[in-house]
Each structure stands twice: as structure tokens, then as C-alpha cells.
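I'd like to ask some things about the structure below.
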Amino acid sequence: MLPIGLIVVKWDNKIGTVLEAKYPEDVVVSPDLTMKIYGAHVLGEEREAGFISMKVDSLNIASYFAGIEINYYVALLLKPTEDATAFEDALIEVASKIFENLGEKKYVEKLPEFYKFLEKYPVLTRDQKIASVLLDPIKSFVFKTLLEHGCVTKDQLQEDIVKNLGVKTFDINAILSSMIKSGLVVSEWVEGVPSEVVFLIRDFEIVRVPSNIKKIPANVKNAIRDFFSKYKQSPRDTAILARAITDPEIYEIIKALKTHGGMSTKEISEKTEIPEDKIFNYIGWLRRNNFIIEVEETNQSKFYLISEPMVITFYPEYQIKSVIERYNEGVLPAKQVIRYLLFLKEAYGGERM
């Protein structure tokens, strides 16, 4: 899937829609197009923040609107054969970052980076999407809050995000969307609770594991043994592992080395279809962060995987005791606790309940 372009549009009460930024620079965007997208967003009375997909002439369009108070939208222009809804979660994430940096157009220099992320998002694996939670400040905060409390109302999450992160422009439903689709959380109204409740139903960790390639030189085996004899997991290393998983090209290189064993940069390029000049940069990062080792073989350098990142999801059994204790303390209403326990039972077939 290859988008045609990314645009950032604002509404001006005097002149209508204003194209504030676009990427690539040569993409052609007419005032008529920006007006049609804006009109689709504000059709009706609520005019709240939200995602839409639509078709205008020969374009499919995915667009996210910040709401009438901010009056900006970010849209991805696509070929008619592409599914705009496949980009929903990624576009919401990108739009949120843009809306946070509207002052002095600080987001413009990041548009190439955002565009690259949008290009790759539809083909990301579930593990990659889960790992991305740790790299997004708001999603990471939401997940940590749910780890601590198990279930929290959306209103409380919104209040805590504003208070602790100082972020004012965000859509809590958009933030939760990818986490719900990845099976980490569910959201539902509970009778007697004034706001929709978000429940954590799956926890996860990103861990570093040894390469399990069978045919590798003895010095590579020794390097693996030496590294893991001293290795200790840390928050910094978790962030490194998250990047290794979520960066599509780095992850492709890791997968290629895992599948084919030792390879030269030229061979890696051929297997991954990543240009060799870019491979050199990624190889440097992978070496510095102890994912690969360089070995001289028959007058050429080959690279072997010594460690790889892995996402592990697991049952949050610790939440059962926690929510019951909070119910006994009068912190959580009975119906909310019962609904949470039922969600956990449904998610895991009742074998642990």
C-alpha cells in the first residue's frame, strides 16, 4: 500500500479551508478537495473529533478531524484501489502528534517520518502494533495506568492524561482504538458508572532472547553466551527492543538474519529489498545495541543475529486480587468488578478463574 500524499488543513472563518502543509511537496491538492473533506467532517450538529473514510473522484481518503474547537484535519490521500480504513489507527496517531505541535508549524519537519510510518502501518504485525504502545507517550501512560488499576473510566483517563502529560488535544477513543484491536483492552458501559469503563484483559512484555539459529560458527555461539551471561533487562533496553520491533526495516533485517543465518550487507539488501546504503546505517544501530555480531568469512564481512526482541502477552492474573481488594475498600462498584472478572473469564476460557 502506497499513499499518494499527506495533508494538514485548517479552517479559516473568512476564506474557508487552508492547506497548511503537505507531503510530498509535489502532491497536487485542490481547494475543492479540502472543502469536500472538511464538509464531510462537520456534517451534522456535533462536529466532534473523529475519523472518516470517503471517496472523492479518483481518490480514497482517510481523514482525522481535531474537532470544531481546533478546526484542523489531517488527511491521507490514497489510490482508489486502497482501503482507507486500514490506515485508521496510524492516521489517528500521526494526527494527534501534529495537533500537539501546531504552534509555529513545528510538526512540518516530521512529515516525512510520519509519512513513512503511515506507508508501513497496514502491513505491521500484531506484535509490532502492541510494541508501539510503549513508544507513544499517551498510549504508554494509559497502559501503565491500567496495569496499576485494572479498570478505569474514560473520563478518569482523560483527566489523568491532561494532568500528568499536559496534553490537551487528543481523542481518548482514538488512543484506545489500536489497543482494543490488539486485544489488550476492552471498553464498555457499566450500569451505574457515569463514564464508559476501560478494562485491561491482556498484559505484555518485550524481552530479549538468544538467537536460536542452528548452524552458526563457534565464535558466534560464544558471543551469544557471553552477552546473555551479563545481560540485565532495563527500561532503556525495553525501549530499544520496542524500536527494533516497530521500525519496519530494522525488523525486516532481523527476520532475514533469523531465517537465513549469516549474511553480507548485499545479501541482506537482496532479501529485504532495502537499499544497501540504508542497510549500513541499520547495521550500525543493530551492532551498537547488541542484536548482531560481525564475522569475517572468506574475505567478506557477514552479520549474525545474537539476540532478538520478542513480545510476550499473558493473562493479568494479579488483577483479580487487586480489583477485589479495591471493591472491599469501597473504591470500585460491584457491577464494575463483576464485569471485569467476566471479561477475564471470557478472554481466557475460564481456565484460570
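Derivation of every value follows stated rules applied to the coordinates shown; laboratory data play no part. Bear in mind that the values here come from a model prediction, so they are computed numbers and not experimental data. Cβ coordinates were reconstructed from backbone atoms using ideal geometry, including for glycine residues, and neighbour counts include every protein chain displayed.
Starting from the Cα of LYS110, move 7 Å in the Cα-to-Cβ direction to define the label point; list residues of the range 203-243 whose amide nitrogen is under 20 Å from there.
239-243
When only C-alpha pairs under 8 Å and at least 6 residues apart count, what is the relative contact order of the range 5-122, in percent? If you can, show how the numbers build up before the last one.
On the way: 181 pairs, mean separation 26.7, N = 118.
Relative contact order, the range 5-122: 23 percent.
Could I ask something else about it? Which of LYS14, LYS321, LYS116 moves most in a GNM of the chain, Cα contacts under 10 Å?
Looking only at LYS14, LYS321, LYS116, the biggest GNM fluctuation is shown by LYS14.
Treating only the Cβ of Lys, Arg, Asp and Glu as charged (+1, +1, -1, -1), what charge dipole size does the chain show about its Cα centre? Round to the nearest 20 debye.
1120
Still on this model: Using Cα positions and a limit of under 13 Å, work out the aspartates and glutamates in reach of LYS139, with same-chain residues fewer than 8 apart set aside.
Cα-Cα hits under 13 Å: ASP89, GLU93, ASP160, ASP171.
Which distance in nm do the two modelled labels at ASP32 and TYR327 give, with both placed 7 Å along the Cα-to-Cβ direction?
With each label placed 7 Å out from Cα toward Cβ, I get 6.1 nm.
Oh, and also: Note down the net charge around LYS230, summing +1 for each Lys or Arg and -1 for each Asp or Glu among other residues with Cβ under 15 Å from its Cβ.
+1
What shape does the range 204-312 have by the C-alpha gyration tensor, where a ≥ b ≥ c are the square roots of the eigenvalues, rounded means a/c under 1.5, and otherwise prolate means a/b greater than b/c and oblate the rest?
oblate
For the range 223-353, how many pairs of lysine residues have a Cα-Cα distance under 25 Å, where the two are 8 or more positions apart or belong to different chains?
Total qualifying Lys-Lys pairs in the range 223-353 comes to 20.
Most fluctuating residue of ASN290, ASN222, ASN13 in a GNM of the chain with Cα springs under 10 Å: which is it?
ASN13
For ASN13 and MET310, calculate 0.36 nm times their separation in residues minus their Cα-Cα distance, and state this gained length in nm to one decimal.
101.9 nm
Taking a ≥ b ≥ c as the square roots of the eigenvalues of the Cα gyration tensor of the range 36-112, is the shape rounded (a/c under 1.5), prolate (a/b larger than b/c) or oblate?
oblate
Let me ask something else about it. Cut-off under 18 Å on the C-alpha distance; same-chain residues fewer than 8 positions from LYS79 excluded. Which lysines are left, in chain and number order?
LYS22, LYS36, LYS55, LYS116, LYS120
When the C-alpha atoms of the range 1-160 are aligned to their principal axes, what extent does each axis show, in angstrom, from largest down?
Principal-axis extents of the range 1-160 (Cα, largest first): 48, 34, 30 Å.
Can you list which of the GluC sites (Glu not before Pro) found in the range 226-285 are DSSP loop residues with at most 11 other C-beta atoms within 10 Å?
Within the range 226-285, the qualifying GluC sites (Glu not before Pro) (loop, at most 11 other Cβ atoms within 10 Å) are GLU273.
Hey, another quick one. Report the residues of the range 170-213 in range of a label on ASN290: point 7 Å along Cα→C-beta, backbone N strictly under 15 Å from it.
207-211
Also: Where in the range 220-252 are there trypsin sites (Lys or Arg not before Pro) that are in a DSSP coil and have at most 10 other Cβ atoms within 10 angstrom of their Cβ?
Those that pass, being in a loop and sparsely packed, are LYS232.
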